[in-house]
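A.B. asks: Would you mind keeping the following structure in view while I ask a few things?
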Amino acid sequence: MKYEVVIGLEIHAELSTESKVFCGCATTFGAEPNTNVCPVCLGMPGALPVLNKKAVEYIVRAGLALNCEIANYSKMDRKNYFYPDLPKAYQISQFDLPFCKAGYLDIEVDGLMRRIGITRIHLEEDAGKLVHTPGGTLVDYNRSSMPLIEIVSEPDMRSAKEAVEYAKAIRNILLYAKVSNCKMQEGVLRFDANVSVRPKGSQTYGTRTEIKNLSSFKMLQKAIDYEYQRQVSMVEKGEEIHQQTLRWNETGNCIIALRSKEDAHDYRYFPDPDLLPVILSDEFIEDVKHKMPQMPDEKKKMYIEEFQLSEYDAQVLTANSELCAFYEEILQDYDEPKTAANWVNVELMALLNQNDMLVEELAFSAGNMAQLLKNIQSGKISGKMGKGVLSEMFETGKSPEEIISAKGLSQISDTAELEKIIDKVLAENPASVADYQAGKEKAIGFLVGQVMKATKGAANPQSVNEILREKLKK
Amino acid sequence: MAFASSLDQVGPLTKDIRDTAIVLDEIVKQDVKDSTSAKIKTNYADNLNEDIQGMRIGVDATLIEASDEDTKKAVLTAIEKLKELGCTIIDLSFNHNEIMVAVYYIISSAEASSNLARFDGINYGVRIEGENIIDTYVKTRSWGFGEEVKRRIMIGTFVLSSGYYDAYYKKALQDRSLIKNNFDKAFETCDCILSPTTIFTAYDAGIKLEHPTDAYLSDVFTPAANIAGLPAASIPCGFAKNGMPIGLQLMANSYQEQTLLNIAYAYQQNTDFHLQRPKLTKGGSQHEV
Ligand SMILES: [Zn+2]
């Protein structure tokens, strides 16, 4: 029998607000343990939460970017459970009235468009972090009360690849919407995957399991593949699948059961009486919409219509928000969008792919890249030289100016200087001059070659050709 | 420390209404670190006015009937005094008197169970080390809380549990809305609602109750203000035969503190119960002027 996997994702993304969601503490990453804390995020008696308006603006922005309905009335609830990283012994989250619901995201997988439903997006606070040491377990509350959004999808994905593509697309949207920096290595983006299997063609869902806290696309892919195989082999053996919470073990490349349905927490959700219901006026929502950064679809349209880019170039540039930002930064100093797109998508991409690197890991800035393109535009160096300079920038991080002057690169376009060299070449090659003047057109090719050799390739071949013909007429 | 956040309210305990007004003018100011505090401008003390001619006072007679004899007598006398001062009495009949105590104890216990959860021995207060983290929680909380607090935590945890939530907590929230609506309607016909503060006077100190929840029943009149979010005042209106003081409760509509204070002020300008001290004696008390 053929089986189909059914996947739903819960994506937790930390918002990039400057302060935490219910207090004024800084959200800077990597601070000394327990330095970004105050009575509120430490859960001290008597301290009260105050909702961060920016966080509300950001979640509304994320909701709009993901085609959600924005609730005019929502509220914050308490999710009660005991754990040492949770100082109040409850997490402020949202239960039945989240800020955003009923959205979707279109993704392309293997050339096919797929629409993934988004059930809801809610706002919540993060917990602290346990640090296990030989002397005992310590708690760092810097992360306590950091603003998080949880994006819950419908069970609309049918392969691990689709789930990964969806997760990547969500990351891209959040980056474009400028609501999260989405730094995977800092744990800013985390995934929970709900996985079930069913015979292909079946309309009912199988029993699902939930794999918690996956922190990279690779882990997401591996964990879903593993769980799919595990469930299929269980079904084939006639075993029953139990609703469970699981954890992916990266070192063992396997799945570990955390708890079964019977041990599931009873979170005793109820409205947080310390916070008022949040009423968002239509004006507020409109205002957020109005101030929304440009989303990839809009950018793509603009690139094609205004910059005259090909559909392909526009697609490649907008599919990756960091690449897109890099491209637009080049255009701040350089005014030929088509040429810039070509250099980014062909030359720069080739270097990145060969080295398996991301654009944000580049050693040089977009400003450097613009400088390089300007040198080519002005004819100071040739396009061919430019490629060499780019790969050196890539390796050393040096500015194009440094590389060009250190190497003595410059396309000799100063006619007087070029004429001197050409005169010398003509004097040294009387035979070729005679051949050309006798009607052998080919001879000019040899002479151009000699000039280029004499200038170490720094002359503009076009100008050399023109000057030669002019001189040989005489 | 928060007990039941949606019901908790601070209030001044003062010698007379003028002092109340002075303190209230300060404590009503907005606290930007408390999302539930409102931004309003007040000057209650300077606007105190003993002319309460034409004020409509709502009274639900069943509440007075339910009280003990001494309380009843004192409250009825107070009503006569207010009539003398030009007030009209409006008859009210609430259908929520029976559920008031239950609503209050369900909501307050639910919130308390969550508010007090942070006292788990991890980063605030006492800790009794256990074998493991769960054991530490259990030992710390078993040792640290008193009987009555534990009882409220258990009630609160129970009413929020899945399977009981709808029957208790959710029902209590629905009843809370109903009570609020009843008061909204009542304040269309009156400016202030009057009742005894308690159904009977204070127990003797140190007395042991047969059922720990019996004491909850004396709270019939006071939770209304917390549940419906209304300003209320309790002012002395007499003494029982055993010398125990009797309180008169006045409640006004939301943000109508000035009306409430004016009525109480007028009453105190024309009575002297607030100037008398109960005289405490063994096995009862006598009051003196
Ligand atoms: Zn803080």
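The values are calculated or read from the model by the stated rules, or taken from the named source; none is laboratory data. If you're wondering where the values come from, they're calculated on a predicted model, not measured in any experiment. All Cβ positions, glycine included, derive from the backbone under ideal geometry; neighbour counts span all protein chains shown.
A.B. asks: Looking only at residues that are surrounded by 22 or more Cβ atoms within 10 Å (Cβ to Cβ) and either outside any loop (DSSP other than H, G, I, E, B) or at pLDDT below 95 (or both) in the range A:44-60, which one is nearest to the ligand (Cβ to nearest atom)?
C.D. replies: Among residues in the range A:44-60 that are surrounded by 22 or more Cβ atoms within 10 Å (Cβ to Cβ) and either outside any loop (DSSP other than H, G, I, E, B) or at pLDDT below 95 (or both), the one nearest to the ligand (Cβ to nearest atom) is A:55.
A.B. asks: Another one. Return the residues of the range B:168-199 that are of a type in the set (Gly, Ala, Ser) and within 14 Å of another protein chain (Cβ to nearest Cβ); say none if nothing qualifies.
C.D. replies: B:172, B:177
A.B. asks: For the range B:1-26, give me each residue that is of a type in the set (Val, Ile, Thr) and under 16 Å from residue B:229 (Cα atoms).
C.D. replies: Within the range B:1-26, just B:10 meets the criteria.
A.B. asks: Also, quick follow-up: I'm trying to understand the selection: among the residues of the range B:31-42, which are more than 8 Å from every other protein chain (Cβ to nearest Cβ) and either among the charged types (D, E, K, R) or within 14 Å of residue B:9 (Cα to Cα) (or both)? Break it down into steps so the answer makes sense when it comes.
C.D. replies: Start the filter on the range B:31-42 by keeping residues that are more than 8 Å from every other protein chain (Cβ to nearest Cβ), which leaves B:31, B:37-42.
Within the range B:31-42, B:31, B:37, B:38, B:39, B:41 qualify.
A.B. asks: Shifting gears a bit: Where residues in the range A:273-300 are surrounded by 13 or more Cβ atoms within 10 Å (Cβ to Cβ) and among the β-branched types (Val, Ile, Thr), which of them is nearest to the other protein chains (Cβ to nearest Cβ)?
C.D. replies: Only one residue tops the list, namely A:278.
A.B. asks: Quick one: which residue in A:41, A:68 is within 16 Å of the ligand (Cβ to nearest atom) and either away from chain B (no Cβ under 11 Å) or under 32 Å from the mean Cα position of the chain (by Cα) (or both)?
C.D. replies: A:41
A quick yes/no check of all residues on (1) away from chain A (no Cβ under 14 Å); (2) more than 24 Å from residue B:201 (Cβ to Cβ); (3) free of Cβ contacts under 8 Å to residues at least 40 places away in the same chain; (4) out of contact with any helix residue (DSSP H, G or I) (no Cβ under 6 Å at 6 or more places or on another chain):
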| residue | (1), (2), (3), (4) |
| --- | --- |
| B:20 | yes, no, no, yes |
| B:26 | yes, yes, yes, yes |
| B:62 | yes, no, yes, yes |
| B:68 | yes, no, no, yes |
| B:75 | yes, no, no, no |
| B:93 | yes, yes, yes, yes |
| B:110 | no, yes, no, no |
| B:115 | no, yes, no, yes |
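A.B. asks: Give the residues of the range B:228-259 that are outside any strand (DSSP E or B) and either touching a His at 6+ places or on another chain (Cβ under 6 Å) or closer than 18 Å to residue B:270 by Cβ (or both), sorted by residue number.
C.D. replies: Correct list: B:243, B:259.
A.B. asks: What is the one condition in (1) surrounded by 21 or more Cβ atoms within 10 Å (Cβ to Cβ); (2) out of contact with any helix residue (DSSP H, G or I) (no Cβ under 8 Å at 6 or more places or on another chain) that residue B:106 does not satisfy?
C.D. replies: (2)
A.B. asks: For residue A:332, only one of the following conditions fails: (1) surrounded by fewer than 16 Cβ atoms within 10 Å (Cβ to Cβ); (2) touching a Leu at 6+ places or on another chain (Cβ under 9 Å). What is its number?
C.D. replies: (2)
A.B. asks: Restricting attention to the range A:85-92, does a residue exist that is in a strand (DSSP E or B), within 16 Å of the ligand (Cβ to nearest atom) and away from every other protein chain (no Cβ under 12 Å)?
C.D. replies: The answer is no, given that none of the residues of the range A:85-92 is in a strand (DSSP E or B), within 16 Å of the ligand (Cβ to nearest atom) and away from every other protein chain (no Cβ under 12 Å).
A.B. asks: May I ask you to list the residues in the range B:145-156 that are touching a residue at least 12 places away in the same chain (Cβ under 8 Å), surrounded by 14 or more Cβ atoms within 10 Å (Cβ to Cβ) and more than 13 Å from chain A (Cβ to nearest Cβ)?
C.D. replies: B:145, B:149, B:151, B:152
A.B. asks: While we're on this one: Only residues that are part of a helix (DSSP H, G or I), of a type outside the set (Asp, Glu) and surrounded by 17 or more Cβ atoms within 10 Å (Cβ to Cβ): list them for the range A:204-227, please.
C.D. replies: Start the filter on the range A:204-227 by keeping residues that are part of a helix (DSSP H, G or I), which leaves A:217-227.
Narrowing the set further to residues that are of a type outside the set (Asp, Glu) leaves A:217-224, A:226.
Result: A:217, A:219, A:220, A:221, A:222, A:223, A:224, A:226.
A.B. asks: Next question. When only residues in the range A:123-134 that are within 16 Å of the ligand (Cβ to nearest atom) and assigned to a strand (DSSP E or B) count, which is farthest from residue A:18 (Cα to Cα)?
C.D. replies: Filtering the range A:123-134 down to residues within 16 Å of the ligand (Cβ to nearest atom) leaves A:124-129.
Still in the list and also assigned to a strand (DSSP E or B): A:124-125, A:129.
Working: A:124: 16, A:125: 14, A:129: 20 Å.
So the residue we want is A:129.
A.B. asks: While we're on this one: Looking at residue A:154, is it touching a His at 6+ places or on another chain (Cβ under 9 Å) and modelled with pLDDT of 95 or more?
C.D. replies: Spelling it out, it is not the case that residue A:154 is touching a His at 6+ places or on another chain (Cβ under 9 Å) and modelled with pLDDT of 95 or more.
A.B. asks: Inspect the range A:142-149 for any residue being of a type outside the set (Val, Ile, Thr) and in contact with a helix residue (DSSP H, G or I) (Cβ under 7 Å, 6 or more places away or on another chain) and give the result as yes or no.
C.D. replies: Within the range A:142-149 (the criterion being of a type outside the set (Val, Ile, Thr) and in contact with a helix residue (DSSP H, G or I) (Cβ under 7 Å, 6 or more places away or on another chain)), the answer is yes, since at least one residue qualifies.
A.B. asks: How many residues are more than 16 Å from the ligand (Cβ to nearest atom) and surrounded by fewer than 20 Cβ atoms within 10 Å (Cβ to Cβ) if we restrict to the range A:135-151?
C.D. replies: So the answer is 5.
A.B. asks: For residue A:82, which of the numbered conditions (1) at pLDDT 95 or above; (2) away from the ligand (no atom under 16 Å from the Cβ) fails to hold?
C.D. replies: Evaluating residue A:82 over (1) at pLDDT 95 or above; (2) away from the ligand (no atom under 16 Å from the Cβ) leaves (1) as the failure.
A.B. asks: Another question about this same structure. Based on this model, can you work out whether residue B:187 counts as at pLDDT 95 or above, buried (at least 19 other Cβ atoms within 10 Å of the Cβ) and not acidic (Asp, Glu)?
C.D. replies: yes
A.B. asks: Of all residues in the range B:123-138 being of a type outside the set (Gly, Ala, Ser) and touching a residue at least 12 places away in the same chain (Cβ under 8 Å), which is nearest to the other protein chains (Cβ to nearest Cβ)?
C.D. replies: Going residue by residue through the range B:123-138, those that are of a type outside the set (Gly, Ala, Ser) are B:123-124, B:126-129, B:131-138.
Subset that is touching a residue at least 12 places away in the same chain (Cβ under 8 Å): B:126-128, B:136-137.
Working: B:126: 13, B:127: 11, B:128: 15, B:136: 9, B:137: 6 Å.
Within the range B:123-138, the match that is nearest to the other protein chains (Cβ to nearest Cβ) is B:137.
A.B. asks: Looking only at residues in the range A:1-37 that are surrounded by fewer than 17 Cβ atoms within 10 Å (Cβ to Cβ) and within 13 Å of the ligand (Cβ to nearest atom), which one is farthest from the other protein chains (Cβ to nearest Cβ)?
C.D. replies: Among residues in the range A:1-37 that are surrounded by fewer than 17 Cβ atoms within 10 Å (Cβ to Cβ) and within 13 Å of the ligand (Cβ to nearest atom), the one farthest from the other protein chains (Cβ to nearest Cβ) is A:28.
A.B. asks: Of the numbered conditions (1) at negative phi; (2) touching a strand residue (DSSP E or B) at 6+ places or on another chain (Cβ under 7 Å), residue A:145 fails exactly one; give the number of that condition.
C.D. replies: (1)
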